[in-house]
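Here is the structure we will look at.
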Amino acid sequence: MENKIQFQKLCQVETRRLVLVMAILAFVVIVIQSFGLPYGNVLWSLFPVGKNSVFGNSSFPSQDFSPKPAQIGDTTLNESNPADITTVFQVANNTEALGKRGQTEHQNVTKEKDDGPQKDMELDKASHLDVYQITHNESSSGGALNSDKNITLQHVNGTGNDSTLTKTREPENSSGDDGRKEDKTFVSEKSGSTDTDFASPSPVSPQVVPSANTAMPKRLESNSTNNITSVNSTPSVVKQETETLSKSEKPELSQDSRSNLLSNSTPIKNPVAKVPKHKESPTSVTSISEMNRLLSQSRTTSFAMRPRWSSVRDRELFSARVQIENAPIIRNDQKLYAPLFRNISMFKRSYELMERIAKVYVYREGEKPVFHRPVLNGIYASEGWFMKHMEANKHFVVKNPKKAHLFYLPFSARLLEETLYVPNSHSQKNLVEYLKIYLDVIAAKYPFWNRTGGDDHFLAACHDWAPYETKHHMDGCIRALCNADVTEGFKIGKDVSLPETYVRYPKDPMRGVGGNPPSKRQILAFFAGSMHGYVRPILLQYWENKDPDMKIFGPLDHGSKNKMNYVKYMKSSKYCICAKGYEVNSPRVVEAIFYECIPVILSDNFVPPFFEVLNWESFAVFVQEKDIPNLKEILLSIPETRLRQLQLRVKKVQQHFLWHSKPVKYDLFHMTLHSIWYNRVFQIRV
C-alpha cells in the first residue's frame, strides 16, 4: 500500500515537471515567432551558410563566406540568406482595395535560361508575404505612371478629405537652346525587334507602387512572376494610406493577376529631394589643371569598395589594368590622332581589350516608358541613343549575368521626369523613390549589386536632374552624366561625362555634319541662345551688339530668310562660345565639334566629355566665367599657328562625337562605353 502511494506521488511530480517543460517550450516558441516572423525564418540565419549560393539554389560558383550586411541606400540586406530579407512584397497593378494585414501568400519563381551549357540562376524563393494596408495622411502624390495618358489619383486620408492630382507634362528645363523647341515625339524601336541579344520577355500583369509619392514600374520583372523583395530592415508600421485609381481609369485585370499590394513596413528614409534652384556663380572654381590632378589621384585612391567575394571577372579586369598600364608605345595610328589623347598607347590598348573581353549584362526588369524606351531626338538624345545601341548590341551584351564585367541600368532620366514629376510640386522625392524601389528589386533578385555595392553597375542619363535623382541610392554606380558638375557630386575618375548631343534628325543623325574650311570662317566668335542661367545674361551684357567680330545674340529670329540661321553661324565662325545654361552642360560643345568650330567652354566646374582619355586643352579653349569681359582679348591672343592647329584637331576629334544608325569603331557609343569600362578597370579592387 505504501509503495502504491509513493508511486502515485512520484507520477504527480513527474507530471508537474513535464507540464513545466512543455510550458517553457511553448513560451520559447512564442518568443522566437514574435521576433522571427517579421524577418522571415530567423532560425535559418543561426546555421552556417557553408558553400551555398547567395540566392536560393543558383548555379553561381560556390563561395565560402560569412553573412555580411549589404547596403542599399539607407537599408541593409544580408546577401547570404534570402530569408533574412525583411519585408517581402508582391507588386501587381491591383487598384482594388488593399489587402488586410496579416495575410500570407506564396509564389514560385520562373527559371531563366542562359546562353551557356549550365542553367542560369534559379530564383526559387517562396516567402511569407506580410500584407499591410497602406495609409498615409499626406496631401500630395507623385503622378501615376502612364506614357499615353494622365492618370488621376485620389487620396483618401484620415479626415475623409480627398484631393485629385493629374500628371501633366511641362516644358523641359534644358540647359541650353537658342529658342528652339525640342520635338518630344518619342522615337523607339518597333516591338518584336530581333536586334537584342536576349529573348523577348513574357508578359506579366502591370504593377503599382506601394507609396503615396511613388509610381512603381508597371512591370518591374518583365520576364517572370517573381516575388519582389523590399530591403527595408525595420518592420514597424508608421503611416498608412490608401491610394486608388478612379474607376474609369482602372484597367481590366484577370483573376490570376488580382493580388494584394504589399507595402514597405517602414517608409523609405530618403531626404526630401527638392527641385534644384537655378544656380548662382560658384564661390570656388575647379580649374582644368585641378581636374587633371583629381584624375591622377583617382588612379591611386579608388572610390570602389572591395568586393564582398572574389570573382573571375574581377581578376580579368585587374589583368586588363596591368596590360593597359604597360601598353606598347604607339607613335602613329591611321585612325587615331595622338595629340587628342592623354596617352594614345594606353587608350588604344584599353579599347582593344574592351572589344575583346568586355561583357555587359542589361537588366530586363523595368517597364516602359521610364525603362527600355530610347528617345532619339532633342537635346537629351544621348541617353536614348546609348540605350538603343546598348540593348541591341550582340558583341558586348550577354544573357548570362555571371559572365558580365558590367551591369547596365537602362532607364531614361528624361522620361522619368516627364512621366512622374508633379508640375509645381518643386519636389523630386517621388522620382528618387521610384528609382530606389527599382533598385530594391534588382538587389533582391540578383546578387551582383550586393557583391560590389553597385561599383560594377552603370547608367547613362542626360537630363539636368539626373545627378540629384541618382545621388541618393545610385551614387556607387558609374554614372555617365551630361550634367558633369564637380560641385554636385561628380567623381572624376569614376563617373563619366556624357556628351550632350542635340539630334535633329533621328533617322539620319549625321545629316549636316561639317562646316566651312578655316579660310572661309570670317566670324571670330558666335553665340545665340535663350537666357538660361546667370552666365548668358552677363555674356550679352558685355558683347551683344558691341563688336562686329563678336556675333553674340539672344534667341535668333528665324522668320527672315535673309538672315543667317544658327547652323550657318556655327559653320562660319572660328570660335563657338559654349556658355552654360541652368547647369554646367550644354549641347553647344558637341554642336561646335559637329560643325568644326573651335569650342570655347564658358562653364566653371564642368568636366568635359571623356575627360579620362581625351586631352581637351589640345582642341578646345577654356575661359572662366569671371573673364567674360576679356573674352575677345583672350581669343585674339591665340596665335594664328595655334588657331590652325586647334581647327585641325577639332576636325580630327569629330569622329568620337558622332552618333551612327549602326555604331562604328571609335564613335560616340563606343567612346562612352569605353570610358565606363576604363574607369571600372582603374577602380577595380581584388
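The values are calculated or read from the model by the stated rules, or taken from the named source; none is laboratory data. Model, not experiment: these values are computed from the prediction. Virtual Cβ from ideal backbone geometry, glycine too; neighbours counted across all protein chains shown.
Taking (1) under 21 Å from D455 (Cα atoms); (2) touching a helix residue (DSSP H, G or I) at 6+ places or on another chain (Cβ under 6 Å) in turn, L340 satisfies each apart from (1). The set of residues in region 264-302 that are modelled with pLDDT under 55 and not hydrophobic (A, V, I, L, M, F, W, C) comprises N264, S265, T266, P267, K269, N270, P271, K274, P276, K277, H278. Of all residues in region 330-362, those satisfying the criterion of being β-branched (V, I, T) and either crowded, with 19+ Cβ neighbours inside 10 Å or at pLDDT 95 or above (or both) are I344, I357, V360, V362. Screening I437 with (1) closer than 25 Å to H674 by Cβ; (2) of a type in the set (V, I, T); (3) in contact with a Pro (Cβ under 9 Å, 6 or more places away or on another chain) gives one miss only, at (1). Residue-level analysis places Y380 outside the set of residues that are of a type in the set (S, T, Y) and farther than 23 Å from V589 by Cα. Can you find even one residue in region 439-449 that is surrounded by fewer than 24 Cβ atoms within 10 Å (Cβ to Cβ) and under 11 Å from the mean Cα position of the chain (by Cα)? Yes, region 439-449 contains a residue that is surrounded by fewer than 24 Cβ atoms within 10 Å (Cβ to Cβ) and under 11 Å from the mean Cα position of the chain (by Cα). Taking the numbered list (1) of a type in the set (A, V, I, L, M, F, W, C); (2) within 16 Å of A413 (Cα to Cα); (3) surrounded by fewer than 16 Cβ atoms within 10 Å (Cβ to Cβ) in turn, F318 passes all entries but (2). I638 meets each of the listed conditions (1) surrounded by fewer than 22 Cβ atoms within 10 Å (Cβ to Cβ); (2) of a type in the set (V, I, T); (3) in the same structural domain as S497 (by TED's automatic domain parsing) apart from (3). Evaluated against (1) within 34 Å of the chain's Cα centre (by Cα); (2) assigned to a strand (DSSP E or B), G514 falls short on exactly one condition, (2). Note on region 517-537: residues that are closer than 15 Å to C597 by Cβ and within 30 Å of the chain's Cα centre (by Cα) amount to 1. Consider Y678 carefully, then state whether it is surrounded by 19 or more Cβ atoms within 10 Å (Cβ to Cβ), more than 30 Å from A392 (Cα to Cα), touching a residue at least 40 places away in the same chain (Cβ under 8 Å) and among the aromatic types (F, W, Y). So Y678 does not fit the description; no.
The numbered conditions (1) of a type in the set (V, I, T); (2) in a helix (DSSP H, G or I); (3) farther than 24 Å from S296 by Cα are all true for V664 except (2). Screening F526 against (1) of a type outside the set (K, R); (2) part of a loop (DSSP other than H, G, I, E, B); (3) touching a helix residue (DSSP H, G or I) at 6+ places or on another chain (Cβ under 7 Å) leaves a single unmet condition, (2).
Checking the structure you have, find out if any residue of region 488-496 is surrounded by 22 or more Cβ atoms within 10 Å (Cβ to Cβ), touching a residue at least 24 places away in the same chain (Cβ under 8 Å) and closer than 18 Å to M390 by Cβ. Yes, region 488-496 contains at least one residue that is surrounded by 22 or more Cβ atoms within 10 Å (Cβ to Cβ), touching a residue at least 24 places away in the same chain (Cβ under 8 Å) and closer than 18 Å to M390 by Cβ. The lone criterion from (1) in a helix (DSSP H, G or I); (2) farther than 23 Å from Y502 by Cα left unmet by I638 is number (1).
To keep it simple, each residue is scored yes or no on (1) in contact (Cβ under 8 Å) with a residue 40 or more places away in the chain; (2) surrounded by 20 or more Cβ atoms within 10 Å (Cβ to Cβ).
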{"site": "K520", "(1), (2)": "yes, no"}
{"site": "F526", "(1), (2)": "yes, yes"}
{"site": "L539", "(1), (2)": "yes, yes"}
{"site": "E544", "(1), (2)": "no, no"}
{"site": "M550", "(1), (2)": "yes, yes"}
{"site": "M564", "(1), (2)": "no, no"}
{"site": "S572", "(1), (2)": "yes, no"}
{"site": "V590", "(1), (2)": "yes, yes"}
